[in-house]
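What follows is a set of notes on a single structure, which appears directly below.
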Amino acid sequence: KYVQVNCYFAVSQGMLLAQDIRDRERGGRAEIRVVEGDAESSSPQAMELMTETLGERTVALKDGPPDEAVDQEQKGQLTLYQVSDADGQMKVTEVATRPLVQDLLTHDDCYILDQGGVKIFVWKGKKANKEERQAAMTRALVRGTDFIKAKNYPITTNVETVNDGAESALFKQLFQRWTVKDQTQGLGKKFDASLMHAQPEVAAQERMVDNGTGQVEVWRIENLELAPVDPQWYGYFYGGDCYLILYTYLVNNKKCYLLYMWQGRHATQDELAASAFQAVSLDQKYNGEPVQVRVTMGREPRHFMAIFKGKLVIFEGGTSRKGSSEPEPPVRLFQVHGTDQFNTKTIEVPALATSLNSSDVFLLKSQTGMYLWCGKVKDTTLISDRETDRPFRAFLSLISLM
């Protein structure tokens with residue numbers, strides 16, 4: 001991991017993130033190197049590795065905005081809401097705007113932290129009752145009379161749960177100051193490796209909690225209820241449906257859970273609402289342990305793709321429900337994008353020549369046959385291995401059955 005810096009604030013923030021990645025993703029085995037922005041020549045080995053990974057720099061670096069301006073902009077739209085039934089009635093009450101302090105959060109309640117529509121955090125107190133936990137997630141996730149619609153935010157607004165005592169660096173930096181008992185942080189200081197996997201909600205969105213080899217269960221929202229998906233169709237998502245994906249993995253022989261809510265672009269408002277309600281219900285079944293991650297169609301995070309090992313296929317519309325009367329389009333075009341099983345997904349795109357690009361592989365399915373179009377990609381692994389790659393062959397065989 002490399003941190004390129006030219007000021008102390010950037011050093012501290014970059015180092016915290018690098019330590020997070022090293023200790024949670026790499027088991028403490030990765031090496032962190034710091035490159036001074038105005039003295040790159042003093043770190044030739046690090047710069048050589050960065051160039052090999054990122055490529056040659058094509059434009060001159062510009063001076064970044066002052067730290068104070070970035071910090072002010074990031075924290076300028078913060079609003080904290082409390083979700084509580086202390087007086088016998090569930091209420092969502094605005095309690096503070098910036099600047100926020102850690103003491104505003106109490107273990108007995110749940111809170112919604114609105115980052116101006118950029119991101120919404122749902123913080124669940126250790127001592128909050130089930131009704132408050134459910135209300136917090138419902139108000140933040142459910143569309144219709146929900147928090148997102150009331151704020152006129154885009155439907156792709158990211159919602160993330162944060163467990164009391166397992167706050168991520170992204171969440172903590174929104175407060176003026178955040179202290180953790182017996183934890184030391186900063187450049188040159190030790191990082192508490194026991195925090196590894198303590199922030200799976202961030203790892204799921206931004207990075208990886210594991211290599212995707214855990215247990216997977218998938219349900220589709222059908223008649224506003226959960227309908228199990230046949231395992232042979234895991235990884236096939238339709239834009240007219242909503243799905244819940246429960247991912248179970250082990251950390252120190254203890255089961256941990258990620259609950260993904262995949263919401264199709266063409267799903268009905270009732271189905272979108274039902275997916276959120278069912279997610280809360282499933283969360284309660286596992287005593288509030290699953291970390292809930294809302295995934296909007298087309299914006300699947302890396303770990304979500306890794307779960308399906310290169311076999312993730314997203315259909316623009318339609319449904320996978322039995323008995324669907326919706327006719328299949330006579331011509332369909334699918335874009336295969338990625339370099340390995342951890343970042344590859346197949347997306348249905350408009351069946352037009354303008355959809356093609358030289359960086360990916362495309363599959364055209366018509367009433368007369370299927371055609372494979374291969375772009376002029378530098379990494380030809382996906383092309384050269386298409387006859388022997390099992391996920392790719394499975395995709396072709398399943399498409400042919402449609």
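No value in this document is a laboratory result; all are computed from the given coordinates. What you are looking at is a predicted structure, and each value in this text was computed from that prediction instead of being measured. Methodologically, a virtual Cβ is constructed for each residue, glycine included, from the backbone with ideal geometry; neighbour enumeration extends over all protein chains shown.
Where Lys and Arg each count +1 and Asp and Glu each count -1, what net charge lies around residue 228 among other residues with Cβ under 12 Å from its Cβ?
Once all neighbours under 12 Å are counted, the net charge is -3.
How would you order 120-127, 210-217 from highest to lowest mean count of nearby Cβ atoms within 10 Å?
On the way: 120-127: 19.4, 210-217: 15.4.
In decreasing order of mean packing, 120-127, 210-217 become 120-127, 210-217.
Would you mind checking 124/255; 124/345; 130/254; 119/365; 285/322 for any pair whose Cα atoms are more than 29 angstrom apart?
Violating the 29 Å limit, Cα to Cα: 124/345; 119/365.
Tell me, what is the FRET efficiency for residue 339 and residue 58 to the nearest 0.05, using R0 = 25 angstrom and their Cβ-Cβ distance as r?
Plugging the Cβ-Cβ distance into 1/(1 + (r/R0)^6) gives 0.75.
Please label the shape of the stretch 215-339 as rounded, prolate or oblate, based on the square roots a ≥ b ≥ c of the eigenvalues of the alpha-carbon gyration tensor (a/c under 1.5 means rounded; beyond that, a/b larger than b/c means prolate, else oblate).
Taking the square roots of the gyration eigenvalues as a ≥ b ≥ c, the stretch 215-339 is oblate.
If R₀ is 51 angstrom, what is the calculated FRET efficiency for the pair residue 119 and residue 232, using the beta carbon separation as r and rounding to 0.05?
Once rounded, the FRET efficiency stands at 0.90.
Taking the highest mean first, how do the peptides 51-57, 269-275 order by number of other beta carbon atoms within 10 angstrom per residue?
Values: 51-57: 8.7, 269-275: 19.1.
Result, highest mean first: 269-275, 51-57.
What's the extension gain from residue 45 to residue 215 if we count 0.36 nm per residue and subtract their Cα-Cα distance? Let's see the in-between values first.
Working: separation 170, 0.36 × 170 = 61.20 nm, distance 4.01 nm.
Stretched out fully, the residue 45 to residue 215 stretch lengthens by 57.2 nm.
Between beta-carbons, use under 10 Å as the cut-off and find the net charge around residue 80, counting Lys and Arg +1, Asp and Glu -1.
The answer is -1.
Assuming 0.36 nm per residue, please report the length gained on full extension of the stretch residue 351 to residue 268 beyond their Cα-Cα distance.
Taking 0.36 nm per residue and subtracting the Cα distance, the gain is 27.4 nm.
Taking the Cα-to-Cβ direction at residue 373 and at residue 96 and moving 7 Å from each Cα, how far apart do the two end points lie in nm?
With each label point 7 Å from Cα toward Cβ, the separation is 5.5 nm.
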